[in-house]
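Below is one structure, written out as structure tokens; comments come after it.
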Amino acid sequence: MAFALIDANSFYCSAELLFQPWLRDKPVVVASNNDGCVVSRNDLAKALGIKMGQPVFELRGLLARNEVSVFSSNYEFYQSLSNRLMSILEELAPRLTINSIDEAFADVSGIANPEVWGRYVRDEIQRRLGLPVGVGIGSTKTLAKLANWAAKRWKARTGCVAYLRDRTRQEKLLRYAPVGEVWGIGPRLSKRLANELGITTAWQLANAEPKLLRRHFSATVERTARELQGIQCFPFVDGSPERKQMIVCSRSFGAKVFSLEQLERAVVTFAARAAVKLRQQASLANCLQVFARTSLFSPGDSYSGSRIIALPYPTDDTRDLAQAAIGGLRTLYRPGPTYAKAGVVLSQFVEHGTITGDLFAPKPRSNSEQLMRVLGFV
Amino acid sequence: MNASLIASLSPSLQPQPLPLGGQASCGFPSPAADYQVPDLSLDTLVGIRPSSSIFLLRAWGESMQDAGIHDGDLLVVDKGRRAQPGDVVVAVIGPEFVVKRLALDEEGQPLLLAENAGYDPIRLGEDEPLEIWGVCLWVLHRLAGR
């Protein structure tokens, strides 16, 4: 078994640099369009000590002194570039699961030399889309993710591709990696692991008593530890222990659909269902994609339309999402074709409660939270 | 001649086929104008697929007018293609995209040629590597007014 995790380096920044390559050797950050907090930094901006989530106004002096370019988020563009990235990966990888806007797992078990494949993938994406990506390969998803971290940590040596070929290499990395870098552990859990069990490295987590981990924490932490030992616990399809970074609601219609009204009704339902899932995980979406297409088996009148909509502010409000979905649907709709499937995709989430208002941005609905809480019960 | 990005192109999964209206003669009317050809898609024709490396850029300036590229034209640019001498390319020169024809001088050094007698070729400095962003495949020139 071998899995690869492929992700774009500083995706939003790299996307902006694609059309302004002359800024590549300068520090660049992307700010969220709602509250002006840093959501992406290139390496040079990281080197200046700019932190993720830092408000841009706090950084004003530093940004000016160092000629940092600040872009505001262009979520439609990022999503459309992400769609291309994933299409290329679909083309190059035997099996693929998309994790988030800039990240996907590939099952590379059948590939003779995964490292050579990884370098090929990196080069192809650089050539075709101008996006730098990292590739980490290991025998489980968690190891692949950690290999990816290593690939980027030692960029100069790895060229952003790392393959945990054998036990020795694996052990070396696990002994070095802080436990907080392990997939699904995060800062809060890593603090508790250190305080309660004295676990500070990935190696210690891998070798901890599984029952103890389950009792103190959760079955997921136990499984994460086993994955670090090379025992596959997270299945390839949709086994993410993390919160979803993309929510998809779509369905094939039982009966053929012709009219815009019918499609609108379906799309509103999808938006509402997606909104419920979004609220359940306490996220707000920045971007919505709506699509409708004819059956893949009726080549006669085939049509597939898709629109990406940047939401005016990060939201989990059913009304905002339904409105955006309908707006998009109306521009992609063509009368004539018999539609067989439609759907709504939410992406580019921020955590609920982490955003502060922007004086100049459109205001989120004021009663939204209470109303959505009520909707949660029905 | 410079170029700027006009829109991030979002290819549809299923390109929209358009009827190809046969051949159009720029000389005298063709007697073969009648034959029927299957529908074509503009997306497919210019190479746009969901996974493609094709981007649309808006050209501005006059330096490529003899190559049929005029101020305001749309360029279909392939980012993935390796440029060959003779190709019209989008190159990164300073903080700009420039559109020129790629050539090699007597010493085999790359040279960017304008196609307008009023403009000089661009020669790069000693240690200045030429950065080609993409190769222009098509130019869309608007004929009718808005």
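The values are calculated or read from the model by the stated rules, or taken from the named source; none is laboratory data. All figures in this text were calculated on a predicted structure; none of them were measured in a lab. Cβ sites come from the backbone with ideal geometry, for glycine too, and all protein chains shown count toward neighbours. Just so you know, the surface numbers come from the protein's heavy atoms only, side chains and all, with ligands and any DNA or RNA stripped out. Shrake-Rupley method; radii C 1.70, N 1.55, O 1.52, S 1.80 Å.
Rg ratio for the protein assembly as shown: its Cα radius of gyration over 2.2 N^0.38 Å, N being its residue count, equals 1.08. Among the protein heavy atoms, those of residue A:115 account for about 40 Å² of accessible surface (1.4 Å probe, every chain in place). Rounded to the nearest 10 degrees, the angle from helix A:318-332 to the longest Cα principal axis of chain A is 70 degrees. Tell me: how much accessible area in total is hidden between A and B, 1.4 Å probe, Å², nearest 100? That pair of chains buries around 2100 Å² in total.
Here the range A:75-118 and the range A:134-213 have alpha carbon centers that stand 22 Å from each other.
Computed over the range B:71-146, the alpha-carbon pair-distance distribution with 5 angstrom bins reads 3, 15, 24, 25, 18, 9, 4, 2, 1, 0, each value a whole percent. Phi angles of the range A:44-56 translate, via the Karplus equation with coefficients 6.51, -1.76, 1.60 and θ = phi - 60°, into HN-Hα couplings of 5, 5, 4, 5, 7, x, 6, 9, 4, x, 5, x, 4 Hz per residue; Gly and Pro are given as x. Give the carbon-plus-sulfur fraction of the accessible surface of the protein assembly as shown in %, rounded to a whole number; probe 1.4 Å, heavy atoms of protein chains only. Using a 1.4 Å probe with all protein chains present, the protein assembly as shown comes out at 54 percent carbon and sulfur.
Interface burial in the range A:16-54 reaches 10 Å² or more for A:18, A:19, A:21, A:22, A:24, comparing the full protein assembly with the chain by itself; accessible area from heavy atoms with a 1.4 Å probe. Computed over the range A:8-67, the percent of Cα pairs more than 19 Å apart is 22. Ordered by solvent-accessible area of protein heavy atoms (1.4 Å probe), largest first, the residues B:131, A:227 come out as B:131, A:227. Note that the range B:66-81 has calculated 3J(HN,Hα) couplings of 6, 8, x, 10, 10, 3, x, 5, 9, 10, 9, 10, 9, 6, x, 7 Hz, one per residue in order, obtained from phi through the Karplus relation 6.51 cos²θ - 1.76 cosθ + 1.60 (θ = phi - 60°); glycine and proline are x. Semi-axes of the equivalent ellipsoid for the range A:24-116, computed as √(5λ) from the eigenvalues of its C-alpha gyration tensor and ordered from largest down, come to 34, 15, 10 Å. Given a Förster distance of 22 Å, report the FRET efficiency between residue B:66 and residue B:126 from their Cβ-Cβ distance, rounded to the nearest 0.05. Once rounded, the FRET efficiency stands at 0.15.
Solvent exposure of residue A:119, expressed as accessible area, is near 80 Å², computed with a probe of 1.4 Å over the protein chains only. If the viscosity is 0.692 mPa s and the temperature 37 °C, what Stokes-Einstein diffusion coefficient in µm²/s follows for the range A:163-265 when Rh is the Kirkwood radius over Cα pairs? Diffusion coefficient, whole number: 203 µm²/s.
Per residue, the solvent-accessible area of the protein assembly as shown (1.4 Å probe, heavy atoms of protein chains only, all protein chains present) comes to 50 Å². When all alpha carbon pairs of the range A:107-213 are counted in 5 Å bins from zero, the resulting P(r) reads 2, 12, 20, 22, 16, 12, 8, 5, 2, 0 %.
The residues packed around residue A:22, meaning those with a beta-carbon under 14 Å from its beta-carbon, carry a net charge of -4 if Lys and Arg are +1 and Asp and Glu are -1. Relative to the longest principal axis of the Cα atoms of chain A, helix A:75-92 runs at roughly 60 degrees. Electrostatic bookkeeping for residue A:252 treats Lys and Arg as +1 and Asp and Glu as -1; over the other residues with beta carbon under 11 Å from its beta carbon, the sum is +4.
Under 5 Å between amide hydrogens, built in the peptide plane, is the criterion, and for residue B:41 it picks out B:18 among residues at least 5 positions away or on other chains. Measuring with a 1.4 angstrom probe and ignoring ligands and nucleic acids, residue A:189 comes out at about 40 Å² accessible. Computed over every Cα-Cα pair of the range A:276-335 and binned at 10 Å starting from 0, the pair-distance distribution P(r) comes out as 22, 41, 24, 12, 1 percent. Among A:145/A:191; A:152/A:244; A:152/A:172; A:141/A:277; A:211/A:244; A:46/A:244, which pairs are too far apart, with a Cα-Cα distance over 18 Å? In this structure, A:145/A:191; A:152/A:244; A:141/A:277; A:211/A:244; A:46/A:244 exceed 18 Å between Cα atoms. Amide H to amide H distances under 5 Å link residue A:316 with A:285, where only residues 5 or more positions off or on other chains count and H is placed in the peptide plane.
Report note on the peptides A:37-43, A:204-210: ranked by the mean count of other C-beta atoms within 10 Å, highest first, their order is A:37-43, A:204-210.
Rounded to whole numbers, the Karplus 3J(HN,Hα) couplings from phi for the range A:6-21 are 10, 9, 7, 6, 5, 3, 4, 5, 4, 5, 5, 5, 4, 9, 9, x Hz, using 6.51 cos²θ - 1.76 cosθ + 1.60 with θ = phi - 60°, and x at Gly and Pro. Summing +1 for each Lys or Arg and -1 for each Asp or Glu among the other residues whose beta-carbon sits under 9 angstrom from that of residue A:329 gives +1.
Surface listing: A:98, B:93 arranged by accessible area from highest to lowest gives A:98, B:93, probe 1.4 Å. Once the Cα atoms of helix A:167-176 and of chain A are each reduced to a long axis, what angle between those two axes, in degrees from 0 to 90 to the nearest 10, is obtained? So the helix axis and the longest Cα principal axis differ by about 80 degrees. Full extension of the segment from residue A:261 to residue A:168, taken as 0.36 nm per residue of separation minus the current Cα-Cα distance, would add 27.4 nm. Within 10 Å of the Cβ of each residue in B:52-58, the mean number of Cβ atoms contributed by other protein chains is 3.
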